[in-house]
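The values are calculated or read from the model by the stated rules, or taken from the named source; none is laboratory data. In this text the structure is predicted, and so the values were computed from the model without any measurement. Here the Cβ positions follow ideal geometry from the backbone for every residue, glycine too, while neighbour counts run over all protein chains shown. Surface accessibility is based on the protein's heavy atoms, side chains included, excluding ligands, DNA and RNA. Shrake-Rupley method; radii C 1.70, N 1.55, O 1.52, S 1.80 Å.
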Amino acid sequence: MSQGNGMRATLQRRMLLLGMIPRQPRRVSAPALVEYLQARGLSTTLRTIERDLEALSGFLPLGRDERDRPYGWYWLSEAPLQDVPALDPETALTLQILDAHAARLLPPSARERLKPQIARARDVLDAAGQDSGLSLWPERIRILSNGPPLDPPEMPKGVFPVLQQGLLERRCLDITYRSRSRGRVKDHRIHPLALVFREPVTYLLATIEPHQDALHLAAHRIEAATLTDRPAGDPVDGFDLDQLIRDGAFDYPEGERIQLDIRVNGDLAYHLHEARLSDDQTIEAQADGTSRVTATVRDTARLKWWLLGLGAGVEVIGPKALRDAIAQELESARVAYRSEARA
């Protein structure tokens, strides 16, 4: 092998090697690194890798755990992120947006591993300068909820990371849950299935032993949670989160699908042209300036809340049961507002 080829082979091997070394507190041994490299098709020896590690630790923030043999190698926890190739501003922006808007969607172990990348992303965007569109992007993008800004319910300290870990590792949890409907606190063993974030509430979907139906538990009402060694399992009939959502599990279903028939004002008709209630929605203009809208929708509490929130901008024509329910709510409100305000 020529000297040039030998230098290229050494550089290739050491670059791959650095990418395989974890950050403290994790570690990896030299024999394990040899196996990883050989699995990549790189022919090398234990002695070569040991020499590489010794040489690289002379000028890079690498540590060696000598408590057990074979020794474990790691990047120091405070070591700055080494970008090979350099982290580009577009990727840095993606990481910063992830940190700002989706951090709670990640399990604690993943968030911990991303800390150096997030810190490096901030440095890259800061270096881009205030005139850069990319550096300004996080300050010019906001996500607003559909409704008044509600603070999320406070969760008992330390509970949520345990819920995430149980879901990640597919292990049962022992929880203490405060029931809203019955107003009592009870201990359960549960099989975690999924987490759903519906602002401002976070829900844990789980089965409670010995039952098989998937329930959604409000995370803030879980007063204590302990990870067990018992593997968690799905219901015997299977579990499909997307199907549950499509079936309206988080819209508080009250009945089957219905043929909604409503009369709406011009502004709402324009809005429903852009954001449809269903695939079969129809809108017919009326002589009085209103529009008649029909659509097949699921009968849910959220549908009633939406209709009530539109006030005089909508009239429910059918089904009759829905019209009667809305009329009764509006009449109760009218009676409440006719009386003097309570001190």
* Count - residues of the stretch 39-64 that are assigned to a helix (DSSP H, G or I) and modelled with pLDDT of 85 or more -> 12
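Of the residues Arg276, Arg263, Arg257, which single one is out of contact with any Cys (no Cβ under 7 Å at 6 or more places or on another chain), of a type in the set (Lys, Arg), without any contact (Cβ under 8 Å) to a residue 60 or more places away in the chain and closer than 30 Å to Leu193 by Cα? Lay out the reasoning, then the answer.
Working: Arg276 fails: closer than 30 Å to Leu193 by Cα; Arg263 fails: closer than 30 Å to Leu193 by Cα.
So the residue among Arg276, Arg263, Arg257 that is out of contact with any Cys (no Cβ under 7 Å at 6 or more places or on another chain), of a type in the set (Lys, Arg), without any contact (Cβ under 8 Å) to a residue 60 or more places away in the chain and closer than 30 Å to Leu193 by Cα is Arg257.
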* strands (runs of 3 or more DSSP E) (entirely within the stretch 157-217) containing at least 2 residues that are within 16 Å of the chain's Cα centre (by Cα) -> 185-198, 201-208
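At pLDDT 85 or above and surrounded by 15 or more Cβ atoms within 10 Å (Cβ to Cβ): does that describe Leu17?
Taking the combined requirement at face value, the residue satisfies it.
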* Just name the residue that is most open to solvent (accessible area, probe 1.4 Å) out of those in the stretch 315-333 that are farther than 23 Å from Thr296 by Cβ and of a type in the set (A, V, I, L, M, F, W, C). => Leu330
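A quick yes/no check of all residues on (1) touching a residue at least 60 places away in the same chain (Cβ under 8 Å); (2) buried (at least 16 other Cβ atoms within 10 Å of the Cβ):
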site: Leu193; (1), (2): no, yes
site: Phe197; (1), (2): yes, no
site: Leu205; (1), (2): no, yes
site: Ala218; (1), (2): yes, yes
site: Ile222; (1), (2): yes, yes
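Pick out the one residue from Ala92, Ala121, Ala86, Ala100 that is open to solvent by 60 Å² or more (accessible area, probe 1.4 Å), at pLDDT 75 or above and among the hydrophobic types (A, V, I, L, M, F, W, C).
Numbers: Ala92 fails: open to solvent by 60 Å² or more (accessible area, probe 1.4 Å); Ala121 fails: open to solvent by 60 Å² or more (accessible area, probe 1.4 Å); Ala86 fails: at pLDDT 75 or above.
Matching residue, one of Ala92, Ala121, Ala86, Ala100: Ala100.
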* Structure fact -> Note on the stretch 224-244: residues within 22 Å of the chain's Cα centre (by Cα) and surrounded by 12 or more Cβ atoms within 10 Å (Cβ to Cβ) are Ala224, Ala225, Thr226, Leu227, Ala232, Gly233, Asp234, Phe239, Asp240, Leu241, Leu244
* Test: residue in the stretch 175-182 that is closer than 22 Å to Pro107 by Cβ and surrounded by 20 or more Cβ atoms within 10 Å (Cβ to Cβ) -> yes
* Of everything in the stretch 20-38 that's open to solvent by 90 Å² or more (accessible area, probe 1.4 Å) and assigned to a loop (DSSP other than H, G, I, E, B), which residue is modelled with the highest pLDDT? -> Arg27
* Kindly indicate the residue of the stretch 304-343 that is of a type in the set (Gly, Ala, Ser) and in a loop (DSSP other than H, G, I, E, B) and also modelled with the lowest pLDDT among those meeting that condition. => Ala343
